[in-house]
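Take a look at the structure set out below.
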Amino acid sequence: MISDVSSDFVRGSHPYLLSPLRVGPMELRNRIVLPAMDQNVCDDGLVTDAVVDHYARRAEGGAGLLVLETSAVAFPHGATARHQPALSHDGVIPGLTRLADAVHAHGARMVVQANHHGRISGVDTAEDRPSLVPSLPLPDSDPMSIMVDTTMDELMAMATLTGGKMPTYAEATVDDLAWVVEQFADAAARVQAAGMDGIEVHAGHGYLIDTFLSPAWNRRTDAYGGDEEGRARLLVEVVEAVRTRCGPDFAVLVRLNGRDAALPGGITPDLAARYAARAVAAGADAIHVSAYSSITGGAGFTEGPLPWRECQYEEMTRTVKAAVDVPVIAVGRIRPDEGERILADGGADLIAMGRQLLADPDLPNRLAEGRPDLVRPCINCFVCVAQNFWSAAPVCAVNARLGRPDQPEPVPVGDPGHPAGHIVVVGGGPGGLEAARVAAGRGHRVTVLEKADHLGGTARFSSLTTPMNGELVRWLSTAATEAGVEVRTGTAATPELVASLAPTTVVVATGAVRTRPDVPGAELPHVLSGDDLRGLLTGEDLGDRRPGPLVRLALAAGRNLGITADLGRVRTLSRRWMPIGRRVVVVGGGLVGTELAEFLAERGRTVTVLEDGTHLAVEMAHPRRWRALHEARAHGVDFRTEARLVAVTPTEVVAEVPDADGGDGARTEVRLPADDVLLAGGVGPDRSLAEAIGRALGPDVPVHVVGDAGEVGYIEGAIRSGHEVGCRV
Ligand SMILES: Cc1cc2nc3c(=O)[nH]c(=O)nc-3n(C[C@H](O)[C@H](O)[C@H](O)COP(=O)(O)O)c2cc1C
Ligand code: SF4
């Protein structure tokens, strides 16, 4: 039984994940896999220092197996980008050797994801070559769907990948396919010569082999189509050719889609299982089950390949696992506890964690130390993968170092030029806590002053709608405490208080200021700012502005029982009751407004969102935006763009919106019934406290401003600026 764990290996907090496993010729120290994720930092296909550093860091963090990002076997033919690794000539071998050596030095194994990108070969389009596909015409699709909810800047950036050109396609001939098979075998031989442990044949995600496997894309009647055996032929020939060329001591993994449900006749889990069995019969050592949505526009992208729900591909992976007798790799937003569960009950043999290992490369080592609480959580924000759409290096909202060679190093204090000091951080949100934990980790004495009873600032509140933000706050708090930070909650910082602590440096991270729109009725009691709403739902002190003594009573009771301090419970209980009327108008269709709208609509409210810009949720990375807007609309939220708030009355919101016929910029006044109005816009930086502290302390004590107080950048901006200041002080 592949999933059995010998008691010899039970250690750390997650014994199944941490137990070793043999995959073909490879002995893996544990079952944690870094799946292929483009870094886009090669130089015309050649491995650079940045590539080596990235993967060596993940190997050092303890992962058992690393998969190098998708690499073009026939580069530049069938390549997506000039920045991806090439496998097409012997000149790539020295770079790959350096990479293999660096990873092996840390005890991990490494395979290279080998690919021909077929219809998604941006370099072919840029260089006026048609992209290879199994059949023409292509299946019906809606090429405009990607335009919806995507800004012009993003579309322009995406267009740079193909030099602004539109793709053309050619039906692959039998000779083309023989050439493709040969390219895979040659590429594998180079990977082997470089000292890598194997390759992962990419047979998913809409690339060439996948389109041959898919009955929707492959309508050929020759030997490479017609029936299941014909459609599997290209994959089988590639696996056999690699196995023949490289022999038994070279691992051959296959990644395929457990499902492609976007097209009628697409791959189903049962079909994927049969393809997996054919790949194993051809010589594959392991199967990696991902998923895809052929029509990638909008929300389809988060069906596959980038899932948004936890364990999104679990069931289809189990179907594949039941059909093969080699190890199966599960992927798809699997966090350690869930990975442990899946391994323990035999649902898979290895767990790939993609974004989670971008967010924290040290995850395996933390589990081995028995400290899962110190794993920095990925918050599922899609910031990293958004960069892929224009072939840039991924950056991470919670890991400021990913993809940012310009970030300063956290040099220990005591080194030349870095005397130890007392850093006072005002504000315990993500920016303040990141600055505090980094500074304390370097050896400074650090004190955090937080006005509220809880750390986390607006990020904590936003966990009502986005629970992972709460996980991040929990991690930041734990990591700060672990680093020795002294935290004083319930302490409002005044310039006098800060001065009394005799800081050597002050970091102000007090968050943004929110202004009310200057329209009649904006001060009515049912017009709630984000702060008011926070108070309503969490029972924080509301001052005089709250309606209804019964509501106050209920909130006070909740506060006394401790219910409202636990936002997870508030989230659950608010499905049954919350002090918000049936009809809600949200003013501002940015990140906050969109998340709130979905939260309220899910709880039975009729929600209209008024956004004065042309696009919604532009602060979200576009894949997340596509999903969030899809979900909100599915819950019935009515989004109105280019809508100007005119007035609020006790029962209505008055707005100006573009005419329904859209002619001549003409506008119409609409009156929307509203029991409550939520203000989700008008957010701006606020340096006032920093300036007052600066005046009180004088020029000898530097005052830094991080997070939204300096520039509104939400969690990503707060972590980045907090990290930078934490390294510099
Ligand atoms: C930045 C980024 C780049 C990716 N590039 C690739 C790739 O080159 N090849 C591939 O098969 N999948 C790629 N993926 C998909 C991942 O391998 C993985 O299947 C996906 O992120 C789901 O796993 P996760 O939820 O643990 O992140 C990429 C994902 C991300 C986030
Ligand atoms: S950018 Fe967001 S989704 Fe990507 S790894 Fe970081 S936290 Fe996770």
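Scan the strands (runs of 3 or more DSSP E) fully inside segment 659-729 and keep the ones with 1 or more residues being out of contact with any Lys or Arg (no Cβ under 6 Å at 6 or more places or on another chain), open to solvent by 20 Å² or more (accessible area, probe 1.4 Å) and free of Cβ contacts under 8 Å to residues at least 60 places away in the same chain.
667-673
Being in contact with a Gly (Cβ under 9 Å, 6 or more places away or on another chain) and open to solvent by less than 10 Å² (accessible area, probe 1.4 Å) narrows it down to one of 629, 596, 600, so name that one. First the steps, then the outcome.
Working: 596 fails: open to solvent by less than 10 Å² (accessible area, probe 1.4 Å); 600 fails: in contact with a Gly (Cβ under 9 Å, 6 or more places away or on another chain).
That would be 629, the only listed residue that is in contact with a Gly (Cβ under 9 Å, 6 or more places away or on another chain) and open to solvent by less than 10 Å² (accessible area, probe 1.4 Å).
One residue is enough: does segment 538-548 have a residue meeting the conditions among the aliphatic types (A, V, I, L, M), at pLDDT below 95, at negative phi and surrounded by 15 or more Cβ atoms within 10 Å (Cβ to Cβ)?
Scanning segment 538-548, I find at least one residue that is among the aliphatic types (A, V, I, L, M), at pLDDT below 95, at negative phi and surrounded by 15 or more Cβ atoms within 10 Å (Cβ to Cβ), so the answer is yes.
May I ask you to verify whether residue 617 is surrounded by 21 or more Cβ atoms within 10 Å (Cβ to Cβ), outside the structural domain of residue 724 (by TED's automatic domain parsing) and on the phi > 0 side of the Ramachandran plot? Break it down stepwise before answering.
Details: surrounded by 21 or more Cβ atoms within 10 Å (Cβ to Cβ): yes; outside the structural domain of residue 724 (by TED's automatic domain parsing): yes; on the phi > 0 side of the Ramachandran plot: yes.
So residue 617 fits the description; yes.
Quick one: is residue 379 within 15 Å of ligand 1 (Cβ to nearest atom), assigned to a strand (DSSP E or B) and open to solvent by less than 30 Å² (accessible area, probe 1.4 Å)?
No: the conditions fail for residue 379.
Give all pairs with beta carbons closer than 9 Å in which a residue from segment 394-411 that is without any contact (Cβ under 8 Å) to a residue 24 or more places away in the chain meets a residue that is more than 16 Å from ligand 2 (Cβ to nearest atom) and not in a loop (DSSP other than H, G, I, E, B); count only pairs at least 6 apart in sequence or on separate chains.
Close Cβ pairs (under 9 Å, with a partner that is more than 16 Å from ligand 2 (Cβ to nearest atom) and not in a loop (DSSP other than H, G, I, E, B)) do not exist here.
Checking residue 519 against (1) at pLDDT below 65; (2) of a type in the set (Val, Ile, Thr); (3) not in a helix (DSSP H, G or I), which single condition isn't satisfied?
(1)
Return yes when residue 407 is at pLDDT below 95 and within 12 Å of ligand 1 (Cβ to nearest atom) and no when it is not. Steps first, please.
On the way: at pLDDT below 95: yes; within 12 Å of ligand 1 (Cβ to nearest atom): no.
No, not satisfied.
Would you mind finding the one in 124, 153, 149 that is among the acidic types (Asp, Glu), out of contact with any helix residue (DSSP H, G or I) (no Cβ under 8 Å at 6 or more places or on another chain) and touching a residue at least 24 places away in the same chain (Cβ under 8 Å)?
124
Out of all the residues in segment 198-223, which are in contact with a Lys or Arg (Cβ under 7 Å, 6 or more places away or on another chain) and open to solvent by 20 Å² or more (accessible area, probe 1.4 Å)?
215, 223 - these are the residues of segment 198-223 that are in contact with a Lys or Arg (Cβ under 7 Å, 6 or more places away or on another chain) and open to solvent by 20 Å² or more (accessible area, probe 1.4 Å).
Do the conditions hold for residue 188, that is, is it open to solvent by 10 Å² or more (accessible area, probe 1.4 Å), modelled with pLDDT of 95 or more and either in a helix (DSSP H, G or I) or assigned by TED's automatic domain parsing to the domain that holds residue 267 (or both)?
Spelling it out, it is not the case that residue 188 is open to solvent by 10 Å² or more (accessible area, probe 1.4 Å), modelled with pLDDT of 95 or more and either in a helix (DSSP H, G or I) or assigned by TED's automatic domain parsing to the domain that holds residue 267 (or both).
The values are calculated or read from the model by the stated rules, or taken from the named source; none is laboratory data. Keep in mind that this is a model prediction, so the values were computed, not measured. Please note: Cβ atoms are built from the backbone with ideal geometry, for glycine as well, and neighbour counts cover all protein chains shown. Calculation scope for accessible area: heavy atoms of the full protein, side chains included, ligands and nucleic acids excluded. Shrake-Rupley method; radii C 1.70, N 1.55, O 1.52, S 1.80 Å.
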